[in-house]
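**Q** Have a look at this one before I ask anything.
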Amino acid sequence: MINRLELRNFRCFQHLDLSLKRFNILVGESGSGKTAFMESLFILGGGSPEIYFRIRNWRGYSRNVTFTGTRDQYQSLFRDLFYRFNQEEGVVLRSVDDRYGSRQLDIAYGEIEDYGLDLEGPSPHAFKISPINFKWIIDGVVHNTSASIKEGKFSFSGAAPVAPVSYYNSVNLSVFENVSAFSSLSKHYRADSLVEAIAAIYPQVKGITLELVSGDAVLCADVGLNEKVPIGELSGGISKFATYALGILANPRGVVLIDEIEDGVYYKNMPDVWRSLVAMALREEVQLIVSTHSYEFLQSAAPILAREEIAKESQLLRAEIDKDGNSVIRKIAAPALEAATSRDFEVR
Amino acid sequence: MPGQTIGPYLILGEGNRDKLFIENLCQNRTITDLTVDFVKGNDNFGDHLTGLTAVPDYPTCRAILLVSDIDESAADSFKKIKVQIGDAGFPVPTSPLSMAEKAGFPSLAVLMIPHPVPATDPRGSLETLITPAIESLFAKQAGCVSTMLKCAGVMSWGKKSSQDKARVRCLTSTVCEDNPMIGLHLCFDPKKHLINLGHNCLDEVALVLRHFPAWSRSAHKEWADWRRINKV
């Protein structure tokens, strides 16, 4: 479990030093830094600059990066990583995990002399750029990686051991990851735990299996019809819950990040969905960090988190903009969240 | 829709009628800069305070005044509130109208009503406080209600606060032909002319409310000291 997270010069955070708990619910208005906070954990858990391009793609940028050969263009690819786009000062992300120890990622441009680039093309020219380096320091061991350009294409060199961090958002609900996670569970005779979790909330689901549909392996549900139905066709809510449950069950002692957890969940199911995710996370020793805009979700989650046995392991995190325009995160204890939401106080 | 009004100087009453009384008194006396709310019963001061810490505007709150009924024992009622304040982690005042402070929290004081405590009987509630302000407008009906309460045995009830509640209920019923069931929370509406909010029985409460922001910012933690020094 990540006990502490420190960010420097990352996106909207000039400096953040925050203690985390087993269960963390993140709220805040748009632009306050919620997504940046989640992304910091995901990037830090990665092992190559490639992870940044995944996030960039989720933020709406094209997967295809066309490199025209200017230093400005190269640096513009990464500038949103840096606080107020100040690329002179490096980014530092650091976590302390009670099981996996400390993990730090330094992101900075190398010395300009380090790298020379000759682009071959219709109008060849030569110039020098400073390649961006992602340096992971894991329990004191340095792993240098970088994103360089070869023959007009990005190439990533070096790799660090990745941390068990899964990140789910509206555009990252990968069928492949679900299939892979389910297969892993099934191989260890643990697929029933997923079925039980789903059926407890959605009793129409009586079984889950992997089936080939048009040549692709797909999770399919037995819902009592004469044919199994791909989960994605069944319901957005069931599909998402299955994804989150798989993320927890197949990622023991890991970290699961869920952006806008309420998305697709029928309001009456919210307490059951959250109760089930919490129970699975406790059993698998998984840390949950979820963001939400939904007051109904907060009202559903608060009494569960305020239960005596987990209240000390739970907190609300509210991303706010301080008077200087910096993103900060305020921590609120679970009993205060429960007291507030039971009185209809606005806490978001 | 969820929401919570919080301001630099927050007054918390027990119920909605306390809130409406304080708001209308402030309006009548041109007392500004206060935010008034209620906690839904005197068992809920602690949970309400705990919940406030989760509200985005909570850091803007500088001082909180809890307003609660004495009921049958000032000591017991105050102790009950003190325990709740302490459990919520807030600064705990040593006595009513004493300002408590603690780093990272708003200053906090408690006003027990009736205020000032009547010399004849140190018990009562909001109804005890406002009875003279109603009776002054309806002297004839007040006499009849007194007679009726005696005759009906209400004045032999053990609870002073219950006696005063019965008195106010009877009095407002006798003067509200259109709605004899009128609730106390509706009586404070100035358009109804049921209570004289300018009556001198409310002067001391109004004084505390008017000067609460200045008192909370001062070095004098006891209201009596602050008042003496500032010649109020």
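**Q** Look through B:Leu49, B:Leu66 and report the one residue that is crowded, with 23+ Cβ neighbours inside 10 Å, touching a residue at least 12 places away in the same chain (Cβ under 8 Å) and within 12 Å of another protein chain (Cβ to nearest Cβ).
**A** B:Leu49
**Q** Could you pull out every one of the strands (runs of 3 or more DSSP E) wholly within region A:87-151 that has 1 or more residues that are more than 23 Å from A:Phe13 (Cα to Cα) and at pLDDT 95 or above?
**A** Counting at least 1 such residues, we get A:141-150.
Yes/no per residue for (1) closer than 17 Å to A:Tyr100 by Cβ; (2) in contact (Cβ under 8 Å) with a residue 60 or more places away in the chain:
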{"site": "A:Leu257", "(1), (2)": "yes, yes"}
{"site": "A:Asp263", "(1), (2)": "no, yes"}
{"site": "A:Lys268", "(1), (2)": "no, no"}
{"site": "A:Pro271", "(1), (2)": "no, no"}
{"site": "A:Arg275", "(1), (2)": "no, no"}
{"site": "A:Val278", "(1), (2)": "no, yes"}
{"site": "A:Glu285", "(1), (2)": "yes, yes"}
{"site": "A:Ile289", "(1), (2)": "yes, yes"}
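Yes/no matrix, rows are residues, columns are (1) in a loop (DSSP other than H, G, I, E, B); (2) hydroxyl-bearing (Ser, Thr, Tyr); (3) within 21 Å of B:Ala100 (Cα to Cα):
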{"position": "B:Met181", "(1), (2), (3)": "yes, no, no"}
{"position": "B:Leu186", "(1), (2), (3)": "no, no, no"}
{"position": "B:Leu194", "(1), (2), (3)": "yes, no, no"}
{"position": "B:Val208", "(1), (2), (3)": "no, no, yes"}
{"position": "B:His211", "(1), (2), (3)": "no, no, yes"}
{"position": "B:Ser216", "(1), (2), (3)": "no, yes, yes"}
{"position": "B:Ala219", "(1), (2), (3)": "yes, no, yes"}
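**Q** Given the criteria buried (at least 20 other Cβ atoms within 10 Å of the Cβ), within 13 Å of chain B (Cβ to nearest Cβ) and charged (D, E, K, R), does A:Glu338 qualify?
**A** Spelling it out, A:Glu338 is indeed buried (at least 20 other Cβ atoms within 10 Å of the Cβ), within 13 Å of chain B (Cβ to nearest Cβ) and charged (D, E, K, R).
**Q** Go through region B:1-30 residue by residue and tally those that are out of contact with any Phe, Trp or Tyr (no Cβ under 7 Å at 6 or more places or on another chain), surrounded by fewer than 20 Cβ atoms within 10 Å (Cβ to Cβ) and of a type outside the set (Ser, Thr, Tyr).
**A** Of the residues in that region, 10 qualify.
**Q** Identify, by number, the condition in (1) surrounded by fewer than 16 Cβ atoms within 10 Å (Cβ to Cβ); (2) among the hydrophobic types (A, V, I, L, M, F, W, C); (3) closer than 30 Å to A:Arg56 by Cβ that A:Val175 doesn't meet.
**A** The failed condition is (1).
**Q** Next question. Which numbered condition trips up B:Thr30, out of (1) more than 21 Å from B:Arg210 (Cα to Cα); (2) away from chain A (no Cβ under 13 Å)?
**A** If we test B:Thr30 against (1) more than 21 Å from B:Arg210 (Cα to Cα); (2) away from chain A (no Cβ under 13 Å), just (1) comes out false.
**Q** Okay, next question. Look at region A:320-335 and say how many of its residues are in contact (Cβ under 8 Å) with a residue 24 or more places away in the chain, among the small types (Gly, Ala, Ser) and surrounded by fewer than 24 Cβ atoms within 10 Å (Cβ to Cβ).
**A** 1
The values are calculated or read from the model by the stated rules, or taken from the named source; none is laboratory data. All values derive from a computational prediction rather than experimental measurement. FYI the Cβ positions are ideal-geometry reconstructions off the backbone, even for glycines, and counts take in every protein chain you see.
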